[in-house]
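The values are calculated or read from the model by the stated rules, or taken from the named source; none is laboratory data. On a predicted model such as this, the values are computed, not experimentally measured, just so you know. Methodologically, a virtual Cβ is constructed for each residue, glycine included, from the backbone with ideal geometry; neighbour enumeration extends over all protein chains shown. Heads up: the accessible areas ignore ligands, DNA and RNA and are worked out on the full protein's heavy atoms, side chains in. Shrake-Rupley method; radii C 1.70, N 1.55, O 1.52, S 1.80 Å.
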Amino acid sequence: MRVKNYKLRATSFIPKIDKAILLCLLLCFSFFGYAQVAPKISSEVDTTFIKIGEQIIWTVKVDVDTTAQVIFPEGQTFSPLETVEAFATDTTRKNDRITLEKSYALTQFDSGAYKLPAQRIDINGNGFFTDSLQIRVANIPVDTINQKMYDIKPLIVVKKSASNWWKIALGILLGLLILGALLYFFIFRKKPLTEEEKVALLPPYDRALLELKKLDNSKYLIQDEYKKYYSELTDIVRSYLEEDVHVSALESTTEQLIEKLELMTDAGELELDKDTISQFKRILQTADLVKFAKSKPQTSVAEQDRKSIEQIVVKTHEALPEPTEEELMAQAEYQEEQKRKQLRNKYRLAAGIVAGVFACIIAFTLVYYGPKTVWDTVSGHPTKKLLEGEWVASTYGFPGVNLETPEVLVREEVKIPPEMQAKIKELQIFQYRNSKGLLTIGTTTATLANPEAEPEYEQAVDSFIKQLESKGAKDIITKQEEFTTISGAKGVKVYGSGKFKVPESEELIRGKYTIVLFGGKGFQIQVMLTWLENDPYAEQIVERILTTLEVKTDV
């Protein structure tokens, strides 16, 4: 019966498992089916007709899954219209879907009909494009009868703002203040004296009396340490005699010291009676017996010897002749010289510390950045200054060429040769030259006379090479490859090297060049770069310029 019941339970449980599995599969299929809903993209403008300088608001809406990664257009991607402002993205969430809404303010300062190009929306690495629109820009009527007209003012060269100099100056000033504070705190500041230093600065007589009082408070006699007691007692009086009486007492034996004191007394240099000298001799002999023969006098005798030594110090101090005025002046000069010597030592120490700090900074800089980079920074390498300076992002000509450069490109007035007027309607050239770094950056936009004419890249490259040869260039090597901007605009890149003539000189130097050509029906764009070979900073400048290069190949 137990077996049958077990089989019945197992049989009744099997359908439940099947239903659970089926329900999970249905949920999974419904989830994946929902996750595969394609993104929805729509765009609109608030108006298709504006006056010069007015703005239109272009809005794009993207409906995607919550896990999708969406990248909207950035920068000047709406050419020939100019981007004034890109507003913040507005997000609306509904269940597991979100709607992203991004708006841009666009404008144009020339009248005419313009095509707002399709914009790429990147969703999970896939590109989706919006619809293109036609925008009309109308002229603003100008009263040329009642209002006086003036000529266009010439271009004014504006010096680049050195807006960051104060940060560098502030950093240097802060570093000097910190270094000065450290030098003052550790070297020039008068530090509080310790007890030992205060005692050492006392005159010999006062210091001897103070040390004798400290000996009274010691526990040498209580602990039967007579050797230490007498050693310290005799050291006090010997040090005093050496400093105040100017007799070599510390290195002399008892007999030698007593003999020197007697000679000074006989010569009149020390007015000390014979009883005092005899008493001093007896105390020194007692000390010798204690130190070397391990003699142990009575405590009362040791205390009396201590009092006798104090009297000897007092009598010796009184017996010293008064210093003459010359001696006092010599002593004052000596003290002043000592102070000056100490001050000079402090200045030398401070100078050594400053020099050491700067040496460490220079050594660290040389190791971290390399000697060449440091030297180029100190000597002011022209292209290094351009690379590390404040760059300018701008649009040049029409169709517009967007790029970042170390300096603003200046428009050059160029007259179209008569033989080219049949092909070229308008020519706009912007250029920057750095004669010190031998760096040239230029853009050329040409509007063709025939709106349906295609650009002639080979002819443009040949013309550029012939122009270089006419200026003395030799051994020109040419290579060619396809070039694509970040937005996907395709062009042709021609690059190479050669020997180029230095301006205002007959010298030939090795240099490099790059020409990037774009074009479409009725127009052609060229970006030209030339620089000195083996110049790493110029290479980085060119790489950055080409990275930021953006053009529109449809007008």
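Given that compact globular proteins tend to follow 2.2 N^0.38 Å, what is the ratio of the alpha-carbon Rg of the chain to that value?
That ratio works out to 2.00.
Kindly provide the pair-distance distribution of region 41-115 built from C-alpha pairs, with 5 Å bins from 0 and whole-percent values in order of increasing distance.
3, 15, 24, 21, 14, 10, 7, 4, 1, 0
Counting only Cα atoms, I'd like the Rg/Rh figure for region 486-533, Kirkwood definition for Rh.
My calculation of the ratio gives 1.15.
Karplus couplings for region 471-486 from phi (6.51 cos²θ - 1.76 cosθ + 1.60, θ = phi - 60°), rounded to Hz, Gly and Pro as x?
Values, residue by residue: 9, x, 6, 9, 6, 7, 9, 10, 10, 9, 7, 7, 10, 10, 7, 5 Hz.
Leaving ligands, DNA and RNA out of it, report the carbon-plus-sulfur percent of the accessible area of the chain at a 1.4 Å probe.
57
Just reorder Phe128, Phe72, Phe49 by solvent-accessible area, largest first, 1.4 Å probe, all chains present.
Phe49, Phe128, Phe72
Can you give me the distance in nm between label points at Glu404 and Asn126, each placed 7 Å from the Cα along the Cα-to-Cβ direction?
Roughly 3.2 nm, to one decimal.
If you take the charge dipole of the chain about its Cα centre, with +1 on Lys and Arg Cβ and -1 on Asp and Glu Cβ, which of Ile236, Phe464, Leu116 is farthest toward its positive end?
Checking the options against the dipole of the chain, the answer is Leu116.
Sort Thr194, Thr254, Thr548 by accessible area with a 1.4 Å probe, largest first.
Highest to lowest solvent-accessible surface, that is Thr194, Thr548, Thr254.
Nearest 500 deg cm²/dmol is fine: what mean residue ellipticity at 222 nm does the chain get from its DSSP H runs of n ≥ 4 alone, each adding -39,500 (n - 2.57), divided by its residue count? Show your work: numbers first, answer last.
Numbers: 13 runs with 228 residues, N = 555.
After summing the helix terms and dividing by the residues of the chain, the value is -14000 deg cm²/dmol.
If you fit an axis through the alpha-carbon atoms of helix 254-266 and take the longest principal axis of the Cα set of the chain, what angle between them do you get, 0 to 90°, nearest 10?
With rounding to tens, the tilt is 80 degrees.
To the nearest 10 degrees, how steep is helix 325-369 against the longest Cα principal axis of the chain, on a 0 to 90 scale?
30
Roughly how tilted is helix 457-470, in degrees to the nearest 10 and between 0 and 90, from the longest Cα axis of the chain?
50
Per q in 0.10, 0.22 Å⁻¹, report the Debye log10 I(q)/I(0) for region 187-326, using one uniform scatterer on each alpha carbon and no solvent.
Relative scattering, expressed as log10 I(q)/I(0), comes to -0.37, -1.44.
Calculate, in nm to one decimal, what Gln298 and Ile486 gain on full extension: separation in residues at 0.36 nm each, minus their alpha carbon distance.
Details: separation 188, 0.36 × 188 = 67.68 nm, distance 10.51 nm.
Net length gain for the segment: 57.2 nm.
Find the accessible area per residue for region 456-555; the probe is 1.4 Å, ligands and nucleic acids are left out, and the unit is Å².
On a per-residue basis, region 456-555 sits at 53 Å².
Along each of its three principal axes, how wide is the spread of alpha-carbon positions in region 371-423, in whole angstrom units, largest first?
56, 22, 14
Treating the beta-carbon of each Lys and Arg as +1 and of each Asp and Glu as -1, no other charges, what is the dipole magnitude of the chain about its Cα centre, to the nearest 20 debye?
3400
State which entries of Lys425/Lys490; Lys51/Lys102; Lys260/Lys315; Lys423/Lys471; Lys213/Lys281; Lys228/Lys315 exceed 27 angstrom in Cα-Cα distance in the structure shown.
none
Put +1 on the Cβ of each Lys and Arg and -1 on the Cβ of each Asp and Glu in the chain; which of Ala446, Cys360, Gln69 then has its Cα farthest toward the positive end of the dipole?
Sorting the options by dipole projection puts first Gln69.
What are the equivalent ellipsoid semi-axes of region 336-375, built from the alpha-carbon gyration tensor (square roots of five times its eigenvalues), in whole angstrom, biggest first?
Details: eigenvalues 247, 8, 3 Å².
Semi-axis lengths for region 336-375 are 35, 6, 4 Å.
Beyond 19 Å, what share of the Cα-Cα pairs of region 438-530 remains, rounded to the nearest whole percent?
Within region 438-530, distances greater than 19 Å cover 44 percent of Cα pairs.
Calculate log10 I(q)/I(0) of region 325-456 for q = 0.09, 0.12, 0.15, 0.22 Å⁻¹, where I(q) comes from the Debye formula with a single equal point scatterer on each Cα and nothing for solvent.
Here the Debye-derived log intensity ratios amount to -0.58, -0.75, -0.91, -1.23.
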